[in-house]
Amino acid sequence: MNKLQKVALIAAFLGLLDALYLLVIKLTEEPAFCIQGIGDCWTVNTSKYSEIYGIPISLFGAVAFLAIVLILNLENRIKFLAKYGTLVFFGIALTGTIYSAYLTYLEVWVIHAICPFCIISALLMLILLIISIFRLRKDFE
């Protein structure tokens, strides 16, 4: 495993932990640990934008981060992932980054509250997108 894969694996694992934390506080309706004055996780995580058809957004994030972790760990063992893993990784990271940008827009301009854990998730997905672009470039060389 090269350095880029290690960084991607760490970012994806941290993203998975972050998304699972947001999912737990969503399902248990417990207020998130946010430092006073830095964020308003509760408002964001209980807004109407925190679910799609009753499914918490954080579950989708957890699945996306978990998929990336699995791709990185299995791409040398599964024939399909050996061939298409980099492209699938890129697709997940691109979709996740675009959707995270939309959610950040909603936080700032519609909900008027910022959840630091959501911002961390968006930044980790952006890091994964950048790494996936480097991986794609390497594959095409």
Label point at Glu51 placed 7 Å out along Cα→Cβ; residues across segment 8-28 whose backbone nitrogen lies under 20 Å:
19-28
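Given the convex hull of the Cα atoms of segment 49-127, what is a quarter of its surface area in nm²?
Numbers: hull surface 22.0 nm².
That works out to 5.5 nm², a quarter of the Cα hull's surface.
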If you place +1 on the Cβ of every Lys and Arg, -1 on the Cβ of every Asp and Glu, and leave all else neutral, what size is the dipole of the chain about its Cα centre, to the nearest 20 Debye?
680 debye
Could you point to the residue in Ala64, Leu27, Thr43 farthest towards the positive end of the chain's charge dipole, with +1 and -1 charges on the Cβ of Lys/Arg and Asp/Glu respectively?
Ala64
Mind jotting down the three principal axis lengths of the chain based on Cα atoms? Whole angstrom, largest first.
46, 28, 26
Using only DSSP helix segments of four residues or longer, with each worth -39500 (n - 2.57), what per-residue ellipticity at 222 nm results for the chain after dividing by its residue count and rounding to 500?
-24500 deg cm²/dmol
Quick check: the angle from helix 3-28's long axis to the longest principal axis of the chain, C-alpha only, nearest 10 degrees?
30 degrees
Would you mind checking which residues have amide H under 5 Å from Glu51's amide H? H placed 1.01 Å from N; only 5 or more apart, or other chain.
Ile57
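What FRET efficiency comes out for Phe13 versus Phe80 if R0 is 25 angstrom and r is the Cβ-Cβ distance? Round to the nearest 0.05.
0.65
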Using +1 at the C-beta of Lys and Arg and -1 at the C-beta of Asp and Glu, which of Leu128, Ile111, Tyr53 has the Cα lying farthest in the positive direction of the dipole of the chain?
Leu128
Each label point is 7 Å from the Cα along the Cα-to-Cβ direction; what then is the distance between the points at Gln5 and Asn73, in nm?
1.4 nm
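Read-outs: derived from the displayed coordinates by stated rules, not from any lab. The shown structure was predicted, so the numbers you read here are calculated from the model rather than taken from an experiment. Cβ coordinates were reconstructed from backbone atoms using ideal geometry, including for glycine residues, and neighbour counts include every protein chain displayed.
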